[in-house]
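Before any comments, here is the structure.
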(Lines give C-alpha, C1' and ligand atoms only; values in the text may rest on other atoms or scores of the structure.)
Protein backbone atom coordinates (compact mmCIF):
# COMPACT_ATOMS: atom_id res chain seq x y z
CA UNK A 1 0.00 0.00 0.00
CA UNK A 2 1.49 3.37 -0.98
CA UNK A 3 1.35 6.56 1.05
CA UNK A 4 -0.63 8.38 -1.64
CA UNK A 5 -3.35 5.74 -1.45
CA UNK A 6 -3.84 6.30 2.29
CA UNK A 7 -3.75 10.11 2.34
CA UNK A 8 -6.66 12.13 1.00
CA UNK A 9 -5.94 14.53 -1.86
CA UNK A 10 -5.34 18.10 -0.63
CA UNK A 11 -7.05 20.78 -2.68
CA UNK A 12 -5.87 24.38 -2.38
CA UNK A 13 -8.91 26.43 -1.37
CA UNK A 14 -7.18 29.83 -1.58
CA UNK A 15 -9.62 32.09 -3.51
CA UNK A 16 -6.80 34.49 -4.50
CA UNK A 17 -4.76 31.82 -6.25
CA UNK A 18 -6.16 30.79 -9.61
CA UNK A 19 -6.48 27.07 -10.02
CA UNK A 20 -8.53 24.59 -11.99
CA UNK A 21 -11.75 25.65 -10.24
CA UNK A 22 -10.93 29.37 -9.93
CA UNK A 23 -13.51 30.44 -12.47
CA UNK A 24 -16.33 28.59 -10.76
CA UNK A 25 -15.25 29.76 -7.27
CA UNK A 26 -15.02 33.40 -8.36
CA UNK A 27 -18.35 33.34 -10.14
CA UNK A 28 -20.20 31.72 -7.26
CA UNK A 29 -18.50 33.94 -4.66
CA UNK A 30 -19.21 37.19 -6.48
CA UNK A 31 -22.69 36.19 -7.59
CA UNK A 32 -22.04 37.38 -11.12
CA UNK A 33 -21.88 34.03 -12.87
CA UNK A 34 -19.28 35.38 -15.31
CA UNK A 35 -16.59 32.96 -14.17
CA UNK A 36 -13.94 35.70 -14.14
CA UNK A 37 -11.76 36.51 -11.14
CA UNK A 38 -12.31 40.12 -9.99
CA UNK A 39 -9.51 42.53 -10.88
CA UNK A 40 -6.83 43.28 -8.33
CA UNK A 41 -7.43 40.36 -5.99
CA UNK A 42 -4.17 38.64 -6.89
CA UNK A 43 -1.80 41.64 -6.71
CA UNK A 44 -1.45 43.58 -3.45
CA UNK A 45 -0.53 47.25 -3.74
CA UNK A 46 1.67 47.19 -0.63
CA UNK A 47 3.87 44.25 0.29
CA UNK A 48 5.39 44.08 3.76
CA UNK A 49 8.69 42.35 4.37
CA UNK A 50 12.24 43.50 3.75
CA UNK A 51 10.88 47.08 3.75
CA UNK A 52 9.81 46.80 0.12
CA UNK A 53 6.68 48.41 -1.18
CA UNK A 54 5.20 47.51 -4.54
CA UNK A 55 3.16 50.42 -5.83
CA UNK A 56 1.29 50.63 -9.08
CA UNK A 57 3.75 52.27 -11.53
CA UNK A 58 1.10 54.54 -13.04
CA UNK A 59 0.03 55.82 -9.61
CA UNK A 60 3.62 56.56 -8.66
CA UNK A 61 4.27 58.39 -11.93
CA UNK A 62 1.13 60.51 -11.55
CA UNK A 63 2.16 61.46 -7.99
CA UNK A 64 5.63 62.42 -9.20
CA UNK A 65 4.24 64.56 -12.03
CA UNK A 66 1.78 66.29 -9.69
CA UNK A 67 4.55 67.09 -7.17
CA UNK A 68 6.93 68.46 -9.79
CA UNK A 69 4.22 70.55 -11.46
CA UNK A 70 3.24 71.99 -8.06
CA UNK A 71 6.86 72.98 -7.32
CA UNK A 72 7.31 74.56 -10.77
CA UNK A 73 4.12 76.59 -10.44
CA UNK A 74 5.01 77.83 -6.93
CA UNK A 75 8.67 78.52 -7.90
CA UNK A 76 9.70 76.64 -4.73
CA UNK A 77 13.45 76.66 -3.97
CA UNK A 78 14.50 72.99 -3.84
CA UNK A 79 17.57 70.98 -2.88
CA UNK A 80 18.19 67.92 -5.03
CA UNK A 81 20.56 65.38 -3.49
CA UNK A 82 22.26 63.14 -6.04
CA UNK A 83 23.32 59.52 -5.58
CA UNK A 84 26.96 60.57 -5.10
CA UNK A 85 26.01 63.04 -2.32
CA UNK A 86 26.27 66.22 -4.39
CA UNK A 87 23.56 68.81 -3.74
CA UNK A 88 21.97 70.95 -6.45
CA UNK A 89 19.99 73.97 -5.22
CA UNK A 90 17.54 75.98 -7.27
CA UNK A 91 14.06 76.23 -8.71
CA UNK A 92 12.77 73.52 -11.01
CA UNK A 93 12.09 75.06 -14.46
CA UNK A 94 10.81 71.99 -16.31
CA UNK A 95 10.96 68.22 -16.39
CA UNK A 96 10.45 65.36 -18.77
CA UNK A 97 10.43 61.59 -18.43
CA UNK A 98 14.19 61.33 -17.77
CA UNK A 99 15.45 64.68 -16.50
CA UNK A 100 14.79 67.85 -14.50
CA UNK A 101 16.12 71.32 -15.33
CA UNK A 102 17.09 73.34 -12.25
CA UNK A 103 17.73 77.09 -12.31
CA UNK A 104 20.10 78.03 -9.48
CA UNK A 105 23.57 79.56 -9.58
CA UNK A 106 23.76 77.96 -12.99
CA UNK A 107 21.16 76.15 -15.07
CA UNK A 108 21.63 72.44 -14.52
CA UNK A 109 20.08 69.44 -16.22
CA UNK A 110 19.79 66.52 -13.78
CA UNK A 111 18.93 62.97 -14.81
CA UNK A 112 16.15 61.53 -12.64
CA UNK A 113 18.07 58.27 -12.33
CA UNK A 114 20.88 60.21 -10.55
CA UNK A 115 18.54 61.71 -7.91
CA UNK A 116 18.60 60.14 -4.46
CA UNK A 117 15.95 62.46 -2.98
CA UNK A 118 14.81 66.08 -2.99
CA UNK A 119 13.35 68.49 -0.47
CA UNK A 120 12.30 72.12 -0.09
CA UNK A 121 15.08 74.48 1.02
CA UNK A 122 13.49 75.38 4.38
CA UNK A 123 12.71 71.80 5.42
CA UNK A 124 16.24 70.38 5.71
CA UNK A 125 17.25 66.92 4.64
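The values are calculated or read from the model by the stated rules, or taken from the named source; none is laboratory data. No experiment lies behind these values; they were computed from the predicted model shown. Here the Cβ positions follow ideal geometry from the backbone for every residue, glycine too, while neighbour counts run over all protein chains shown.
Annotation for region 70-81: no member residue is modelled with pLDDT under 55, part of a loop (DSSP other than H, G, I, E, B) and surrounded by 12 or more Cβ atoms within 10 Å (Cβ to Cβ).
Here's the yes/no breakdown for (1) modelled with pLDDT of 80 or more; (2) exposed (fewer than 10 other Cβ atoms within 10 Å of the Cβ); (3) part of a loop (DSSP other than H, G, I, E, B); (4) more than 25 Å from the chain's Cα centre (by Cα):
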position: 28; (1), (2), (3), (4): no, no, no, yes
position: 43; (1), (2), (3), (4): no, no, yes, no
position: 85; (1), (2), (3), (4): yes, yes, yes, no
position: 94; (1), (2), (3), (4): yes, no, no, no
position: 105; (1), (2), (3), (4): yes, yes, yes, yes
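With respect to residue 66, determine if the residue is loosely packed, with under 11 Cβ neighbours inside 10 Å and either modelled with pLDDT of 50 or more or not in a loop (DSSP other than H, G, I, E, B) (or both). Yes; evaluated as a whole, the condition is true for this residue.
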